[in-house]
1. How would you order 204-215, 174-185, 268-279, 139-150 from highest to lowest mean count of nearby Cβ atoms within 10 Å?
2. Grab the Cα-Cα distance for residue 229 and residue 289, subtract it from 0.36 nm times how many residues apart they are, and report the gain in nm with one decimal.
3. Residue 237: net charge of surrounding residues, Cβ under 9 Å, Lys/Arg +1, Asp/Glu -1, itself excluded?
4. Does the stretch 128-279 come out rounded, prolate or oblate, given a ≥ b ≥ c as the square roots of the eigenvalues of its C-alpha gyration tensor, rounded meaning a/c under 1.5 and, failing that, prolate meaning a/b above b/c?
5. With the Cα gyration tensor of the stretch 183-254 giving a ≥ b ≥ c as the square roots of its eigenvalues, does the rule (a/c under 1.5 for rounded; else a/b larger than b/c for prolate; else oblate) give rounded, prolate or oblate?
6. Can you give the FRET efficiency to the nearest 0.05 for residue 101 and residue 47, using r as the Cβ-Cβ distance and R₀ = 35 Å?
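Values quoted throughout were computed directly from the atomic coordinates according to the rules given, and no laboratory measurement underlies them. In this text the structure is predicted, and so the values were computed from the model without any measurement. In this analysis, Cβ positions are derived from the backbone assuming ideal geometry, glycine residues included, and neighbour counts consider all displayed protein chains.
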Amino acid sequence: MADEGDLLVVLCDLVLLRPDNPCAGSLDVAPPEILSQLLAFTNAYTMLSSHNRLAVFAGQHDFSHLVHLGLGEDASNTEVFPSSALHTRLTGLVKQCAAVAAVAGPGAAAAAAAAGTAASGQAAGPTFALSGALSRALCLIHRLQQQQAAAGGRPRGRPRVLALLGCGDAAAQYIPVMNAIFSAQRAEVVLDAVVLSPQDSSFMQQAAHLTGGLYFRPHRGRGLLGVLLNHFVCDTATRKQLDEAQALGVDFRASCFCHKYVIETGYVCSVCLSIFCQASRACSTCGTAFGAGGRAVGAAGAGGVGAGAAAGAGA
């Protein structure tokens, strides 16, 4: 069996590369320097092994595009060093986004920035289509794994997804993001994250915790390349031999299914496990009716009537 090297999928938030990034004031680095550090990392990862496979998705709040797919030296039409082509494609996407924002006007830009954040009670800001990007990354990994198995290849470690984010979480994406995280956990895909934002990403904190990945929020943007090279350039088999210091504490708060509020205590349906911030007479997800005392009515199964449906839960 041939050694197929490592498989890494990078999710790049384009807000980090845009000159109109509203969070740029909190960073000590300009967008062109962030791009140069990302390109240096992709070159270093490719140079580490000629069998390493690298894919890069880039996007913002309403899309995610595959901008690079390198399958190692055995694949045809594969660039040895992806930085040149990546620079062209990423800068082109940034210019397209800026042109669309200029045509739409400031009103549309403000509405897009506030989408998915106002419902959570947080300050409005840019968001990233994390659920869609994770789903596309997992589909690509699954396809490449099927091709690898058919060719009799042997992976060096577990496949990885590295999310490079520049904005906070969108509470409206809680359900699809958690579904993607659980799918990655079942598929044994490691989810890593580097967040260059004033706030932590509770989504990616939970993703790293559940899949055995790493989560970092560096305080200085100029040190991004050092973080990438020290912690994410090697495969998971090599990572086990390294001392990876992680910050203590993971934000396990959930978003309610009814209003998308981030809550600490809520009500859980015992049938479908949906989370709500307020007590109700029926579950809006599965339709189970709740009787007096918050107990499910008519949800008989192998064990008889369902258990209490409204229970205080630390989300």
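1. 204-215, 174-185, 268-279, 139-150
2. On the way: separation 60, 0.36 × 60 = 21.60 nm, distance 5.32 nm.
So the chain would gain 16.3 nm between residue 229 and residue 289.
3. Working: positive: 156, 158, 239, 240; negative: 6, 235.
Counting the neighbours of residue 237, the net charge comes to +2.
4. oblate
5. Working: a/c = 1.89, a/b = 1.04, b/c = 1.81.
Oblate.
6. Details: r = 36 Å, r/R0 = 1.03.
So the FRET efficiency works out to roughly 0.45.
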